[in-house]
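Peer 1: Below are the structure tokens for one structure; questions will follow.
The values are calculated or read from the model by the stated rules, or taken from the named source; none is laboratory data. Please read these numbers as outputs of a predicted model, since none were measured by experiment. Note that each Cβ is placed from the backbone with ideal geometry, even for glycine, and that neighbours are counted across all protein chains shown.
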Amino acid sequence: MTTKLILVEGLPGSGKTTTALKISKILTKQGVPNILFVEGDLDHPADFEGVACLSKKEYEDLLESHKHEKNIIESMTVNRDDDFYLYYAKQLSEDVNISDNLLDDIEKHDVYKLPIDRFSDILLGQWERFGRKAEADDQVYIFECSFLQNPLCTYLARDDRSYLEIKKFILSLYERIEHLEPLLIYCDQQDVSGSFLKVKEERSQGWYDFSVWYYTQQQFGKNRMLQGIDGVLRFLHERKEIEHHLLAELGIYKLFLNNHSRESSKEEIEQYFKHVFK
């Protein structure tokens with residue numbers, strides 16, 4: 001293969017991060033230059049984590065409303081065409097002092113909180129820019145969960161959009177990177193409920209509380225009156241079914257890993273990547 005992009009996907013607790021790290025290690029050992037972006041990476045070149053997007057008018061209004069913090073606002077801003085991107089999470093990670101009022105006003109425009117049409121246009125534009133850059137780079141990019149999980153959860157959990165709408169968007173996303181000959185590694189789970197309950201014990205209460213809210217108290221959950229752990233599991237089962245349908249329809253190179261046994265999946269990855277890069 002001549003792929004420049006490896007996508008690692010799967011449900012929570014499926015071993016995505018472990019798999020992505022293992023792939024990066026294998027490629028490095030083979031002498032293949034690569035860079036890994038795991039879930040939540042603030043410097044992600046194709047996705048957004050803690051980034052707001054404002055129109056010119058919205059940006060001017062923000063500056064006017066927070067004149068005393070104008071320098072802070074401008075220091076986190078990147079202007080692309082008529083949009084202004086505020087990388088506020090990165091500023092917070094660097095201990096920049098942002099007032100609560102300003103942060104509230106910025107977070108209202110977080111990319112993942114925008115209306116679905118606006119969100120879709122912004123994300124497609126970002127992936128298109130990445131596709132052009134990656135084509136010229138002499139390295140392989142490895143992305144965890146940014147191709148399927150993040151946009152699909154916005155379309156499904158947040159807005160309860162139809163499968164046809166989800167498929168149309170994912171296909172449009174794929175068109176932006178098809179020339180990179182992407183390879184998708186899907187960490188599959190036979191026991192969705194058991195895997196989630198196991199990872200629930202491994203992660204923080206805050207992570208679990210957010211998961212319950214995200215999957216049950218947004219449009220998908222409200223439309224079905226979902227609650228608690230049972231609601232989370234119902235969403236995850238539906239998400240898995242949608243992801244399997246999408247992968248069956250996408251003309252992308254893919255490998256399904258059965259992560260029931262971490263050790264066997266590790267060996268499968270090692271064997272597979274012996275033959276991927278020549």
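Peer 1: Within region 99-127, can you find the residues that are among the basic types (Lys, Arg) and closer than 17 Å to residue 155 by Cα?
Peer 2: Once the filter is applied, which keeps residues that are among the basic types (Lys, Arg) and closer than 17 Å to residue 155 by Cα, region 99-127 yields 113, 118.
Peer 1: Of the residues 252, 269, which single one is modelled with pLDDT under 90 and not acidic (Asp, Glu)?
Peer 2: Within the list 252, 269, the selection yields 269.
Conditions tested, residue by residue: (1) of a type in the set (Val, Ile, Thr); (2) assigned to a loop (DSSP other than H, G, I, E, B).
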{"position": "3", "(1), (2)": "yes, yes"}
{"position": "6", "(1), (2)": "yes, no"}
{"position": "13", "(1), (2)": "no, yes"}
{"position": "17", "(1), (2)": "yes, no"}
{"position": "21", "(1), (2)": "no, no"}
{"position": "24", "(1), (2)": "no, no"}
{"position": "28", "(1), (2)": "yes, no"}
{"position": "31", "(1), (2)": "no, yes"}
{"position": "39", "(1), (2)": "no, yes"}
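Peer 1: Mind checking which pairs have a first residue in region 90-117 that is more than 21 Å from residue 70 (Cβ to Cβ) and a second that is of a type in the set (Val, Ile, Thr), Cβ under 8 Å, 6 or more apart or different chains?
Peer 2: Taking only residues 6 or more apart or on different chains, the pairs are 111/51; 111/122; 112/154; 114/122; 116/154.
Peer 1: Could you tell me whether region 31-39 includes any residue that is under 26 Å from the mean Cα position of the chain (by Cα) and at pLDDT below 95?
Peer 2: yes
Peer 1: Run residue 88 past the list (1) more than 22 Å from the chain's Cα centre (by Cα); (2) surrounded by 15 or more Cβ atoms within 10 Å (Cβ to Cβ) and report the number of the one that doesn't hold.
Peer 2: (1)
Peer 1: Pairs under 6 Å by beta carbon, first residue over 16 Å from residue 233 (Cβ atoms) in region 187-210, partner assigned to a helix (DSSP H, G or I) and modelled with pLDDT of 90 or more, six or more apart or different chains?
Peer 2: Close Cβ pairs (under 6 Å, with a partner that is assigned to a helix (DSSP H, G or I) and modelled with pLDDT of 90 or more) amount to 187/16; 187/19.
Peer 1: Could you tell me which numbered condition residue 129 fails, if it satisfies all but one of (1) assigned to a helix (DSSP H, G or I); (2) farther than 29 Å from residue 3 by Cα; (3) basic (Lys, Arg)?
Peer 2: Result: residue 129 passes all but (2).
Peer 1: Looking only at region 69-98, count how many residues are in contact with a strand residue (DSSP E or B) (Cβ under 6 Å, 6 or more places away or on another chain), within 29 Å of residue 156 (Cβ to Cβ) and part of a loop (DSSP other than H, G, I, E, B).
Peer 2: Final tally of qualifying residues: 0.
Peer 1: Please go through (1) in contact with a helix residue (DSSP H, G or I) (Cβ under 8 Å, 6 or more places away or on another chain); (2) in contact (Cβ under 8 Å) with a residue 24 or more places away in the chain; (3) closer than 20 Å to residue 114 by Cα for residue 87 and return the number of the only condition it doesn't satisfy.
Peer 2: If we test residue 87 against (1) in contact with a helix residue (DSSP H, G or I) (Cβ under 8 Å, 6 or more places away or on another chain); (2) in contact (Cβ under 8 Å) with a residue 24 or more places away in the chain; (3) closer than 20 Å to residue 114 by Cα, just (1) comes out false.
Peer 1: Among the candidates 204, 195, 211, which residue alone is touching a Gly at 6+ places or on another chain (Cβ under 6 Å) and assigned by TED's automatic domain parsing to the domain that holds residue 139?
Peer 2: Checking each option against the conditions leaves just 195.
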